[in-house]
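These notes are about the structure you will find just below.
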Amino acid sequence: MVVGEIHNLCKNSSAFLPALRYLHGKADTFGGNFETQKRFSYFNYSNDEIKVPCGFLKEFPVSDSDRIAMESCNGVVVVSAIFNNHDKIRQPVGLGSQTLVDTCFFMFMDDITLQGLYEHKLIPQNSPDYKVGVWRIVKVFSEKLYENPAMNGVIPKYLVHRLFPNSKFSIWIDAKLQLMVDPLLLIHSLVVSKDADMAISKHPYYVHTMEEAMATARWKKWSDIDGLTQQMETYCKNGLLPWTTDKLPYSTDVPDSALILRKHGLGSNLFSCLLFNELEGFNPRDQLGFAFVRDKMNPKLKLNMFEVEVFEKIAVEYRHNLKKTGNVKAVSSGGGESKKTKRERSHGHLVLTDSSCQNYLLKMWGESHS
C-alpha cells in the first residue's frame, strides 16, 4: 500500500507545485554570502516571481556521470555525506523488496574520505563510478567549495532538492547514523500521512535556541565565540523569541537535525534555502538558525516535530571517527575550527550582558521557572 501510494504521488507533479524559483549568477562563494538584511528580505515569499538565493552561485564540483545519476533520481532519495574521513559507511537495514525501485541512495565524499576507502579496498581506484552496498558514492572536489568540511556537508544536507531536482521526497541521514526502518515507510508515516512539508526529531534536551547556543560555546562545538554571540545578537534584534506555547503547533525550537525527511514542495524548499543562507552567513551549526528561519518565513512551514523515542526506533547512532588522517585531525560534526579564538581560550561561554538578548533570556528563564 505504501509503495503504491508514494509511487503515485511521485508521478503527480501537481502535488509539488508551485515551484520555487532560484537566483542564478556567479559569486565568490557557493551561496553568495549575502549581507544579513539582504538574506532576511527573502523570508517573505509573497509571490511566485521572487527568485530566492539557494546556493549554486559556483559550480557544485562532481563528475558528469554522477550529475546525470542525481538528475535521474525521480522518486525518493536518501542522502548522506562524509567529509574529512569523519565517519564510516553504514548500510541501512529493513529495506522492503520494492524499495530500491523507487528509492536512490547517495553518499557524498571528499578525496580524503575516498582515500580511506581505497586503502581498505572497499572501492577500486580506477573506477569512474563507485558503489558500496546500496550507496552510490559521489566524489566532491571540495577544495573548490568551502575550507571547512562541515560547511561542505551542509550543501547536500540542505540543498538536496537542488542536487536532485527531479526527486519528490528525501531523507537526509547523518553518516553517524544507521537507518533501521524502510525509507518509504518513514516518508509515508512521518510526512505524507501528517500532510507535512518536513519531519524532524525534537532535541532530546533543549527547547530554546539559546540553550543550544550556550551548549555550542560551552562544549566547543564551534570555536568562534564572538561569531556565535554576534549571531544570537542579530537574531534577537530581529525578533527571535524563546519557545512558548504561543508557537504551537511547533513543539520546540531545537531539533535533532541528524535525520530530516522532506517533501520537495514550496514550504520545505524555501525553508532549506533560507537556512542554508544563514549557515553560510554565520556557521554550519544548523540548530542555531532553525527556529529563527522557521518562525520568520512566509508561507509557514508545515512541520512534524516527532518525539525522541521515535527517532531512537528509526536509527542507531555511532561515534564519529576519532583518528587523525595524515596531518589533519578529523573535524567534528559541528565543524569546529582548528584555530582557537582568544574568547574561546579564556572561557568558552557566550557573553550576552547588556545585549539585545536580555529580554529573550528573561523570558526563557521565566518560562523555565514558572
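General remarks:
- Qualifying positions in region 275-296 - of a type in the set (K, R) and open to solvent by less than 20 Å² (accessible area, probe 1.4 Å): R294
- Here the condition is being without any contact (Cβ under 8 Å) to a residue 12 or more places away in the chain and either of a type in the set (G, A, S) or closer than 29 Å to E309 by Cβ (or both); of A199, A215, it holds for A215 alone.
- Residue within region 207-229 that is in contact with a Ser or Thr (Cβ under 9 Å, 6 or more places away or on another chain), assigned to a loop (DSSP other than H, G, I, E, B), of a type in the set (D, E) and within 20 Å of L279 (Cα to Cα) present: yes
- Cβ-Cβ contacts under 7 Å between residues 6 or more apart (or on different chains), taken from a first residue in region 119-131 that is within 17 Å of K88 (Cα to Cα) to a second residue that is of a type outside the set (A, V, I, L, M, F, W, C), are listed as I123/Y130.
- Residue count, region 18-31 (criterion: in a loop (DSSP other than H, G, I, E, B) and touching a helix residue (DSSP H, G or I) at 6+ places or on another chain (Cβ under 8 Å)): 6
- Subset of region 28-69 (residues that are over 30 Å from D129 (Cβ atoms), open to solvent by 30 Å² or more (accessible area, probe 1.4 Å) and among the small types (G, A, S)): S41, S46
- Filter result for K26 (without any contact (Cβ under 8 Å) to a residue 40 or more places away in the chain, closer than 15 Å to F169 by Cα and not β-branched (V, I, T)): no
- The single residue among D111, D102 that is within 29 Å of E317 (Cα to Cα), open to solvent by less than 40 Å² (accessible area, probe 1.4 Å) and at pLDDT below 95 turns out to be D102.
- Residue list for region 205-225, restricted to those being small (G, A, S) and surrounded by fewer than 19 Cβ atoms within 10 Å (Cβ to Cβ): A215
- Total residues in region 165-204, condition open to solvent by 10 Å² or more (accessible area, probe 1.4 Å), assigned to a helix (DSSP H, G or I) and β-branched (V, I, T): 1
The values are calculated or read from the model by the stated rules, or taken from the named source; none is laboratory data. A quick note: this is a predicted structure, and the numbers were derived from the prediction, not measured. Using ideal geometry, Cβ is built from the backbone for each residue, glycine included, and neighbour counts are taken over all protein chains shown. To get the accessible areas, we keep the full protein, side chains included, count just its heavy atoms, and leave off ligands, DNA and RNA. Shrake-Rupley method; radii C 1.70, N 1.55, O 1.52, S 1.80 Å.
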